[in-house]
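Trainee: Here it is: the structure, laid out below.
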Amino acid sequence: FDVSTSILKKPLSLISPKIVDLGELKKNPQLLAERSAMMQRHRRQRKLASAANSMLKNGERNVNRDANKVASEDATKDATKDANEEDDYVDHHGDIAKVGNALTALYTIDKEEKEIRGMTNSADSDRRWNRRGLSSGSLVEAAASSLGLKVLEGHINIDIVVDTEVDIGDKEAMKILSELEAIGFILNGKFRRNLSGSIPLDQIKNLALMEHIKLARPVRAQTDRRRRHNIRKKQHAGNYWQNHHSSSSSKSSKSSKSSKSSKSGKKGERHESNSYWWHRPHPTPAPTPPVCEPLSGLLTSQGDAAMNGNQARSVCDVSGNDVVVGVISSSFGCDPFGVFVDTENGELSSGVLVLDDDCDSNPNDEGRAMSQIVFDIAPGADVVFHPGLQGQAAFAEGIIELAEDADASVIVDDVIHFSEPMFADGIIAMAVNRASDEFGVSYFSSSGNLGTDSYQGQFNPIGIQFPDDPGNTFIVHAFDDNDDTRQSIMVNPGTTTIVLQWDEPYLSAGAPGGSTSDLDINIYVNGDFVFTSDEENLGGDPIEVLPIENTLDTPLEIEIEIELFEGSAPNLMKYVIFGDSPEIIEHDTNSPTSYGHFNTDGTIAVGAAYWRDTPAFGTSPAIHRDFSSLCGTPILFDPMGGRLSEPRILMQPAVVGPDGVATSVEGFDIFDGTSAAAPHVAGVAALMLECNPGLTPDQVREILETTAMDMDDQTTSGFDDGFDFTTGYGYIDAVGAVSMSRP
């Protein structure tokens, strides 16, 4: 295997089964055929490796164990014969499987790239890279980009599950952290048995070989900001709940708390060595201004007028004083000059405390735009920021830091991690519920901007064979009664990510045994098999995340196949599509797209309505954004993996807030999406809590829901009286909510 030429002479789509350029394949039929042949080999080899692994596992229970071992070794040899592309995938069921295929692929390419650079002079190496159209040393970064990931200075952010609690600081936990630190792991956060941090690519194999590591995956997350050019109008033939359910169960009620729990931290105290303050003199609230006239700075969110904010503040003569609002998003101060200008112009509250910042994952300062909105609604509130894209454990730990150390009474976020569990509470949801129950935090989240871009249904198994592989039968899902095993979807230019989950327990949430089945997503272009997710799920999480990069300038039609690779067939399965306005062409179930911590008891999820389409501007009832996510994903398991006696359907979203508003942050001059709606509602909660500091999170939720102005889910026929899974209880009535909050 000539590593000095292998990755430089091949097109990107022939380097690895895990790396693909769909645009390149669409334009080149010969390359498409070569890629399809490589993927068919990969599929057969994985089947053989699985069979060999099963024989080795079962050999201890058979009399003729030696014969089994020989047979399994022969199968393994067949699996790797003429498969140079697979050399670095080692044993799919061995240690390397713990870190997943994406990290393995990046480890392999990084290793080869470094070997090539060591074997050639710098000028020759640069010429080879430039022939690919890549800058010097950027092949692994290009490969990471095709996987929807980012590599910075040879490091990548990952989430890890270990076999012991790591947030309690005992000897075993310290040993694990020390071993990780020895291989270059930089800790971003820890929560229960989960760690978040960055690791050098060249240490991924060593990570996989560590005894305490049970699962490791790259961090994949995004905020719920909606780019304006992506906003679309899509007519739905009803949604999942209209088509499949006539009624739903109410959310589980929580016991009310008479007062907020005491905190160990003091308000205003610096608790982290890397935290910092942004100061400016506190403004005096101005008299009631005309619509959209600046209130707290040179620029005020139109959402303030859309909620009659001045009238709401005058009800109890409140501005959010003595209320701390935590904001979790991408970043806050990556543009220091922008922060300086904002503070000088009065766009931010006095002394914004930044517990930590993240200028690597997505340095767009979306958290600053959200903070401006909170300040516009509640100019007396103190704002504290924590990043949310550094990993699930870091996110969860950040929630507790905001609640316990920063003394936040209100927290708002707009971040979704793709691998958050759909059918159980994951660690972020657990942190939300702890913040609500233990620290009395009213927690707000954007409900999402995915509309109904989801497929949900019972796995319907059918066996298929391929002409060039008659010896193997593959079990796949039939999408209809006519045994159609492929579903067409349209993906626009850029990266589209499909997240598939099914009803099995989650190791990362605390289920000891994890999943007992393994599903894969297979992708076809022009009828040819070109890509697969094929992560190892047995004993881990029932989650497959598949990024698809369309490098064309036009939309690309692909076909999805869902395969049962190992284990028993699940009952319910579901995928959600993240991307620039994808379209499910056939077998569309118009299902819920909001999941994870957006869909837990302690969260008050918020949908979106354009500020002009609200009663304050003459539109009554308010009209929801068509991209505002449909809620109602069922919770099927407790955190330990026990199946609930019946599904829990939470009444989310709670309310709808305004979006499409102005901020001074570059790129957010018009801030669209539920990311903008949620901080408006959080600001109202700050006003409510100044008016009545004794309100519990349940009481805050109840008041917001009771006073909300009913809206219609326009994707269904007829007017939806009362609650629905797109608009919740309706558009927020800030005046009514603050009025009802009075003691």
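Trainee: Would you please list the contacts, defined by Cβ atoms under 7 Å and residues six or more apart or on different chains, that run from a residue in region 133-157 that is of a type outside the set (Asp, Glu) to a residue that is open to solvent by 40 Å² or more (accessible area, probe 1.4 Å) and modelled with pLDDT of 90 or more?
Mentor: Qualifying pairs under 7 Å: 144/150; 148/495; 152/360.
Trainee: So residue 480 fits all but one of (1) surrounded by fewer than 22 Cβ atoms within 10 Å (Cβ to Cβ); (2) within 24 Å of residue 17 (Cβ to Cβ); what number is the exception?
Mentor: Every listed condition holds for residue 480 apart from (2).
Trainee: Does residue 551 count as within 25 Å of the chain's Cα centre (by Cα) and surrounded by fewer than 22 Cβ atoms within 10 Å (Cβ to Cβ)?
Mentor: Working: within 25 Å of the chain's Cα centre (by Cα): yes; surrounded by fewer than 22 Cβ atoms within 10 Å (Cβ to Cβ): yes.
Criteria met by residue 551.
Trainee: Run down 415, 410 and say which single residue is open to solvent by less than 10 Å² (accessible area, probe 1.4 Å), closer than 24 Å to residue 595 by Cα, touching a helix residue (DSSP H, G or I) at 6+ places or on another chain (Cβ under 6 Å) and hydrophobic (A, V, I, L, M, F, W, C).
Mentor: After ruling out the rest, the residue left standing is 410.
Trainee: Mind listing just one residue for me: the one in region 689-743 that is assigned to a loop (DSSP other than H, G, I, E, B) and under 21 Å from residue 317 (Cβ atoms) and, of those, modelled with the lowest pLDDT? Let's see the steps before the verdict.
Mentor: Looking only at region 689-743, we keep the residues that are assigned to a loop (DSSP other than H, G, I, E, B), and these are 692-696, 708, 710-723, 725-727, 729-730, 732-733, 742-743.
Add one more test, that the residue is under 21 Å from residue 317 (Cβ atoms), and what stays is 692-695, 732-733, 742-743.
Numbers: 692: 98, 693: 97, 694: 97, 695: 98, 732: 98, 733: 98, 742: 96, 743: 93.
Going through the qualifying residues, I end up with 743.
Trainee: If residue 609 satisfies all but one of (1) under 24 Å from residue 530 (Cα atoms); (2) out of contact with any Ser or Thr (no Cβ under 6 Å at 6 or more places or on another chain); (3) assigned to a strand (DSSP E or B), what's the number of the condition it fails?
Mentor: (1)
Trainee: With respect to residue 467, is the statement that it is within 24 Å of the chain's Cα centre (by Cα) and at pLDDT below 95 true? Walk me through it before giving the result.
Mentor: Numbers: within 24 Å of the chain's Cα centre (by Cα): no; at pLDDT below 95: yes.
No.
Trainee: Since residue 737 meets every condition but one in (1) touching a residue at least 60 places away in the same chain (Cβ under 8 Å); (2) within 26 Å of residue 451 (Cα to Cα), which condition does it not meet?
Mentor: (2)
Trainee: Given the condition buried (at least 24 other Cβ atoms within 10 Å of the Cβ), of a type in the set (Asp, Glu), in contact (Cβ under 8 Å) with a residue 12 or more places away in the chain and not in a loop (DSSP other than H, G, I, E, B), answer yes or no: does some residue in region 648-664 qualify? Give the derivation first.
Mentor: Just the residues of region 648-664 that are buried (at least 24 other Cβ atoms within 10 Å of the Cβ), to begin with: 650, 652-661, 663.
Imposing the further condition that a residue be of a type in the set (Asp, Glu) reduces the set to 659.
Still in the running and in contact (Cβ under 8 Å) with a residue 12 or more places away in the chain: 659.
The next check asks that each one be not in a loop (DSSP other than H, G, I, E, B); those that pass are 659.
Looking for residues that are buried (at least 24 other Cβ atoms within 10 Å of the Cβ), of a type in the set (Asp, Glu), in contact (Cβ under 8 Å) with a residue 12 or more places away in the chain and not in a loop (DSSP other than H, G, I, E, B), one finds at least one in region 648-664, hence yes.
Trainee: Ok, one more. Out of everything in region 612-629 that is aliphatic (A, V, I, L, M) and outside any helix (DSSP H, G or I), what residue ends up being farthest from residue 733 (Cα to Cα)? So that I can check it myself, show each step before the final result.
Mentor: Of all residues in region 612-629, those aliphatic (A, V, I, L, M) come to 616, 622-623.
From what's left, outside any helix (DSSP H, G or I): 622-623.
On the way: 622: 11, 623: 14 Å.
Step by step, filter region 612-629, then rank; the result is 623.
Trainee: Within region 440-449, is even one residue among the hydrophobic types (A, V, I, L, M, F, W, C) and more than 18 Å from the chain's Cα centre (by Cα)? Lay out the reasoning, then the answer.
Mentor: Of the residues in region 440-449, the ones among the hydrophobic types (A, V, I, L, M, F, W, C) are 441, 444.
Applying the additional criterion that residues be more than 18 Å from the chain's Cα centre (by Cα) yields 441.
Yes, some residue in region 440-449 is among the hydrophobic types (A, V, I, L, M, F, W, C) and more than 18 Å from the chain's Cα centre (by Cα).
Trainee: Give region 550-587 a look and list any residue that's in a strand (DSSP E or B) and more than 18 Å from residue 520 (Cα to Cα), or say none. Can you show your working first?
Mentor: Going residue by residue through region 550-587, those that are in a strand (DSSP E or B) are 550, 556-567, 572-578, 583-584.
550, 556, 557, 583, 584, listed by residue number.
Trainee: On to the next question. Looking at 194, 243, can you tell me which residue is modelled with pLDDT of 95 or more and farther than 20 Å from residue 360 by Cα? Let's see the steps before the verdict.
Mentor: Numbers: 243 fails: modelled with pLDDT of 95 or more.
That would be 194, the only listed residue that is modelled with pLDDT of 95 or more and farther than 20 Å from residue 360 by Cα.
Trainee: I'd like the full set of residues that are out of contact with any strand residue (DSSP E or B) (no Cβ under 6 Å at 6 or more places or on another chain) and either hydroxyl-bearing (Ser, Thr, Tyr) or open to solvent by 20 Å² or more (accessible area, probe 1.4 Å) (or both), limited to region 699-712. Talk me through it step by step, then tell me what you get.
Mentor: Our first condition is that a residue be out of contact with any strand residue (DSSP E or B) (no Cβ under 6 Å at 6 or more places or on another chain); within region 699-712, this holds for 699, 702-703, 705-707, 710, 712.
699, 702, 705, 706, 707, 710, 712, listed by residue number.
Trainee: What are the residues in region 665-679 that are open to solvent by 10 Å² or more (accessible area, probe 1.4 Å), in contact with a Ser or Thr (Cβ under 8 Å, 6 or more places away or on another chain) and hydrophobic (A, V, I, L, M, F, W, C), if any? Walk me through how you get there before you give the answer.
Mentor: The first filter runs over region 665-679 and keeps only residues open to solvent by 10 Å² or more (accessible area, probe 1.4 Å), leaving 666-667, 669-670.
Narrowing the set further to residues that are in contact with a Ser or Thr (Cβ under 8 Å, 6 or more places away or on another chain) leaves 669.
Listed by number, the list is empty, since nothing qualifies.
Trainee: Of a type outside the set (A, V, I, L, M), within 30 Å of residue 512 (Cα to Cα) and open to solvent by less than 10 Å² (accessible area, probe 1.4 Å) - does that describe any residue in region 606-617? Please lay out each step first, then the result.
Mentor: Pass one, region 606-617, residues of a type outside the set (A, V, I, L, M): 607, 610-615, 617.
Then keep just the ones that are within 30 Å of residue 512 (Cα to Cα); that gives none.
Scanning region 606-617 turns up no residue that is of a type outside the set (A, V, I, L, M), within 30 Å of residue 512 (Cα to Cα) and open to solvent by less than 10 Å² (accessible area, probe 1.4 Å).
Trainee: Continuing with this model, one more query. What are the residues in region 423-438 that are open to solvent by less than 10 Å² (accessible area, probe 1.4 Å) and more than 18 Å from residue 595 (Cα to Cα), if any?
Mentor: Hits for region 423-438 are 435, 436.
The values are calculated or read from the model by the stated rules, or taken from the named source; none is laboratory data. Everything numeric here is computed off the predicted structure, so don't read it as measured data. Counting neighbours? That spans all protein chains shown, and the Cβs are built from the backbone with ideal geometry, glycine included. Note: areas computed on protein heavy atoms with side chains; ligands, DNA, RNA excluded. Shrake-Rupley method; radii C 1.70, N 1.55, O 1.52, S 1.80 Å.
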